[in-house]
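Any read-out appearing in this document is the output of simple, stated calculations on the displayed coordinates, not a laboratory observation. Everything numeric here is computed off the predicted structure, so don't read it as measured data. Virtual Cβ from ideal backbone geometry, glycine too; neighbours counted across all protein chains shown.
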Amino acid sequence: MSIKEDHSRFRDIVKGKVKENFRKYVSQGEMIGKRENDFVKIPLPSIDIPNFRYGPKQQGGIGQGDAQQGDNVGEPGDGQGQAGNNPGEHLLEVELSMDELAEILGEKLELPRIQPKGNKNIETVKTKYTGMAPVGPEGLRHFRSSYKKALKRYVTTGSYDPDNPVIIPIRRDFQYRSFKKITKPQTRAVVIYMMDVSGSMGDEQKEIVRLESFWINSWLKRHYKGLETRFIIHDAAAKEVDEDTFFRTSESGGTLISSAYKLCQQIIEADYPVNEWNIYPFHFSDGDNWSGEDTRLCTRMLSEFFLPHTNMFCYGQVESKYGSGQFLKDLQKEFPNDERIVLSQIENRDKILDSIKDFLGKGR
Amino acid sequence: MANLTPELERERVKICKIAKDAGLDCFETIFELITYDQINQFAAYGGFPVRYPHWKFGMEYEHLSKSYEYGLSKIYEMVINTDPCYAYLMEGNMLMDQKLVMAHVYGHCDFFKNNVWFGKTNRKMMDQMANHATRIRRYVDRYGQDNVENFIDVCLSLENLIDRYSPYMEKSSKNEASTEDLDRQASQAEPGLLRVNRPYMRDYINPPAFIKEQKEKMSAAAALKDQKFPAESEKDILNFLIHHAPLEDWQQDVLSIIRDEAYYFSPQGMTKTMNEGWASYWHSKLMTEKIMNDSEIVDFADHHSGTMAMAPNGYNPYKVGIELMRDIEDRWNKGRFGRDWENCDDVRERQNWDLKLGKGRDKIFEVRKVYNDVTFIDEFLTEDFCIRNRLFVYKFNKRTGKFEVDTRDFKAIKAKLLFHMTNFGQPIIRIEDANFENRGELLLSHLHEGIDMQPDFMTETLKNLQKVWNRPVNLITSMDSEGHLYRFDGKEFTEHKLSQPNLPSGNEGSNSKP
C-alpha cells in the first residue's frame, strides 16, 4: 500500500523531520473556532504548493439564500468555490468536547500525563453513607429498613395479622444510616495567569496569550477535576480580573512585573495553602521590565517564594515590536538549569504549539 | 473483477438496464465494493489505484481519513473516466445509498463517454498512471528521493500553467499559420502598399520613395518578429518549458508526466457543474420513478437533499447543475425559448407559456454532448432562474472584515459565475518572451481581469519557475491597480512599478492599466 509511504512522508515533512525549508508552507489550521458552542476547528496541517492564484479576499463568490444585501455570509471555506481537479478540500469543523480536544492536543504534542503533586500525606476526609447501624440520631432513622425489621419480628413471632396489618416498632427495630470516613489524596490545582498589558503588548500578542492559555487550561483540566483559574493583569500596577477582562483589556503604561508577582503571592497565601494545592503560575509578557531594580526584586521573589512552593513557574515571552525581551535573558541568567522554572519564547502564532510543549512537556 | 454481493449485483443489472432504457449511453461500468480506508486512499490518488510517490497524496489521504473519522464527510461515490469505467461503492453503506450511487455513476459514465470535452482524454489512463508511477519510481531509485521529490514539488507548483483548450485545436497552429502567411503574401502583389484600382494612378498613390520606406518598415518588423521567441505568446507554459528549458532528461520526463496528468484531469474541471448536474438529474429521476421501494423514500430524500444543499457562502455544482438541467428540460418542453419568448414581456403570458413542444429530453441530451461549464452557464443561466433559486453574489468587505452579500443583479451573478469557471477561476498567464532584454530571461504576463494575484504565492511560484528556467524570470501583472514587473534572478527578488504598459512585445494581454 503505497499510500502509507506517502502518508508517512507527509507526516515527516509536517513534523519538520525532512525538508526543513518546507515548514513555512505548513499551516496548522485554525485552533479555536466558535468556542461558545464547543465547536472547534480541528487543527489539520496542510502544505500548500504555491501556484499562481487569485487572492481569496478580492474574489468573492456565488451563494444562495434569502440574505439581505450586506448580510454576513461567513467565511467561504468548503472548497466548493473553485472548481478544480481535486476531489475536494475540507476545512474541518467538528463538534468535539473539550476533553476529546485535549486528548488530541496531548497526542499531537506528545505531552506526558501530569502526575499530581506528591503530597500523599495531605488527605481530604470525606464522609459517605454506606450502611446501617442500630444506633444513631433520629434524623438519620431509615424508615424502610426499620419497618422491614419490625415486620420480620412480627412474622417470626407469629403475631402478624394479615387482616389487621398494624406494626408497632420497638426500640431494637430501629435502623439508622451510618457513614464511613473515606480518605482521598489531595489533587486540587489552581492556575494563575498573569499578563503584561502594558502599551507594548499589541492585539496579536494578546491573541497569542489567549490561544496558549486556552490550550494550557484544556490540558490541565483533564488532570485535575475542578481546576481553578485566576487572572491577573498588570502594567505598572497589578489587579485581579475575570477571564473576560483578562483577554480584552488594553491598558498602557510602564511595566512593573514585581507588582503582578506580589499580587500573585498574596492570592496564593490567602486562598491556596501551598501544601494542599498544585499551583501553576503562568506569566506572559513581552519581557520589557521597567528597571533592573524591579527585575532583581522579581528574581528574589521567584527564588524565595514561587519556586519552592509551586509545581512550576512558567514564563512565556511573546515577541513584540517594542519589547526588549530582556526579562527572559535575566531569568535565564539567574536560574540556569533550574527545573522548577520553565521559560519559553513565543515568536509568533506558529510557535504556540512548541511553547505549550515547553510548558507542559515535562509532565509536572 | 467485480466483487459485488449477489444482492448488489442484482440491483446493478436492474439499474444498468433502467439507465439504458432511459437513453443513457455508457462505457461498460465495473463496480467494486471497497472499505472506507481504501476509498480514502483511492480518492487521495484522484481515483486511481497507483500513482507516482508524492507526499501530497499522503496529505490528501490524511485529510480524508480524518474528516471521515470525525464524522464530517464521507465519500459515497467515486467514478473514473476510463473505458471500461471504474466506480467504487463503499462497504457498509445502506442498500438505498448503493442504488443511488449506481444511478449517479451511470449518469457520470454517460457524460464521460458522450461529452465532447472528454473526447480527447486517454481512456486507458489507469495504465498510463501506473506507467507514470513506474517511471518516477525508477528516477527515485536512480537520483534519490529528495531530488526527484523536490523537482516534482516545483512541477506541481507550475501544474496549472497549461492551455486548457489546446487539446481541441486540431493542429498546432504554427506551421499552418506560416503557410497561410506565405499564401497571403503571394496573393498580395506588393505588401504594405496602398491599393491601386486605376493603373495610371499607381505612381501617384505609391510613389517610389514611399515604396522604399514601406519595404524597410516591413523587413524591420519581420526581423523583429524573427527575433522574438516565442513568436506568439504561449499559454501552454509547461509544454514550452519541456522543449526549451535546460532540463536533464529525467526532469523533462517528470515535467511531461505532470503535464499529461494535468490535461487528463482538465475536462473534469471544465465540466464540473454540468457533469454533477447531469448525474444528479439522472439519479433523482431514475430513483424516484423506477428504482426505489416505498420504504426507502425518506432516506433518499434525506441524502439527496444533503448533497444538493447550498450554503450561503458556497457554490454547489450539484445544485446549480441539476436545477439548470431541469430548467432547460422544462423550457424546451414548453417552448420557452427563441425570439417570441425573449420578446414577450407580458408577465401573465410568460407564466402560462406552454407550446407543448416536448423537446426537453432531446435538448438536455444535446446539451450534455456539446457544452462545457462556461458555455452552459453563458447560454442557459437566465434571470428567472437566478431569482427562483435565490442566487446572489457575495464579496469581501474590507471595512467589516467579513464576506457579505453584495448584489442579486443577474448580470453580476452571471459574470461572477463565468469568471470562476473560465480557466477554473485561475489567473491566465502567458509567456511573452523567452529572450527578454536579449538576455535569455523569461517574461510572463498575467491577463489581469480585475483581481490581483495572491502575492506570497506568486513570489514562491516565480522562484519555482526560475528553478526550471535557470535564467532570471519576470512577470508583469497588476497589483493595487498599478502595473508591476516582478523579477527573480535566483538570488534576489525585485519589483518595479511600471509607469506605462509599453513593455516589449505585442502585449494585448498585459493590461496593466485597469
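At a glance:
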item: Net charge of Cβ neighbours under 11 Å - reference B:Met90; Lys, Arg +1; Asp, Glu -1; result: -4
item: Size of electric dipole in the range B:427-497: Cβ of Lys, Arg +1 and of Asp, Glu -1, about Cα centre, debye, nearest 20; result: 340
item: Charge dipole (the range B:449-497, unit charges on Cβ, about Cα centre) - positive-most of B:Trp469, B:Tyr486, B:Phe457; result: B:Trp469
item: Residue (of A:Tyr280, A:Phe335, A:Ile352) at the positive-pole extreme of the range A:205-356, dipole from beta-carbon charges; result: A:Ile352
item: Distance (nanometres) between label positions extended 7 Å along Cα→Cβ at A:Phe143 and A:Glu276; result: 3.8
item: Entries in A:Lys262/A:Lys321; A:Lys329/B:Lys467; B:Lys66/B:Lys411; B:Lys99/B:Lys416; A:Lys321/B:Lys395 that, when Cα-Cα distance is taken, lie over 31 Å; result: A:Lys329/B:Lys467; B:Lys66/B:Lys411; B:Lys99/B:Lys416; A:Lys321/B:Lys395
item: Dipole magnitude of the range A:187-360 about its Cα centre (Cβ charges: Lys, Arg +1; Asp, Glu -1), debye to nearest 20; result: 400
item: DSSP beta bridges in the range B:1-155 [antiparallel fraction, %, rounded to 5]; result: 40
item: Partner chain coverage, peptide B:452-460 - average Cβ within 10 angstrom; result: 5
item: Estimated FRET transfer efficiency when R0 is 30 angstrom, pair B:Lys124-B:Tyr165 (beta carbons, to 0.05); result: 0.85
item: Antiparallel DSSP beta bridges within chain B, percent to nearest 5; result: 75
item: Peptides ranked, highest mean first, by Cβ atoms within 10 Å: ranges B:273-281, A:332-340; result: B:273-281, A:332-340
item: Above-threshold pairs, the threshold being 21 Å between Cα atoms, out of A:Lys206/A:Lys239; A:Lys206/A:Lys351; B:Lys56/B:Lys113; result: B:Lys56/B:Lys113
item: Whole-Å distance, taken between Cα centres, linking the range B:447-492 and the range B:21-75; result: 35
item: Added length on full extension, which subtracts the Cα-Cα distance from 0.36 nm per residue, B:Ile297 to B:Leu418; result: 40.0 nm
item: Among B:469-477, A:149-157, the order from most to least packed when residues are scored by Cβ within 10 Å on average; result: B:469-477, A:149-157
item: Average beta carbon contacts from partner chains per residue of B:312-321, 10 Å cutoff; result: 6
item: Estimated FRET transfer efficiency when R0 is 35 angstrom, pair A:Arg177-A:Glu228 (beta carbons, to 0.05); result: 0.60
item: 10 Å Cβ neighbours from other chains, averaged over peptide B:47-60; result: 6
item: Relative contact order (percent, whole number), chain B, Cα cutoff 8 Å, 6+ residue spacing; result: 13
item: Distance from the range B:365-394 to the range A:145-224 (C-alpha centre basis), Å; result: 64
item: Dipole in debye (nearest 20) - the range B:311-421, about Cα centre, beta carbon charges: Lys, Arg +1; Asp, Glu -1; result: 420
item: Sorted peptide list for B:252-260, B:108-116, criterion being average Cβ within 10 angstrom, highest first; result: B:108-116, B:252-260
item: Cα gyration tensor shape of the range A:187-360, rounded if a/c is under 1.5, else prolate or oblate by comparing a/b with b/c; result: rounded
item: Dipole-positive endmost among B:Met59, B:Tyr204, B:Ile80 within chain B (Cβ charges, Cα centre); result: B:Tyr204
item: Distance (nanometres) between label positions extended 7 Å along Cα→Cβ at B:Glu349 and A:Arg11; result: 7.1
item: A:Glu319 versus B:Asp146: modelled label distance in nm, points set 7 Å from Cα along the beta carbon direction; result: 2.5
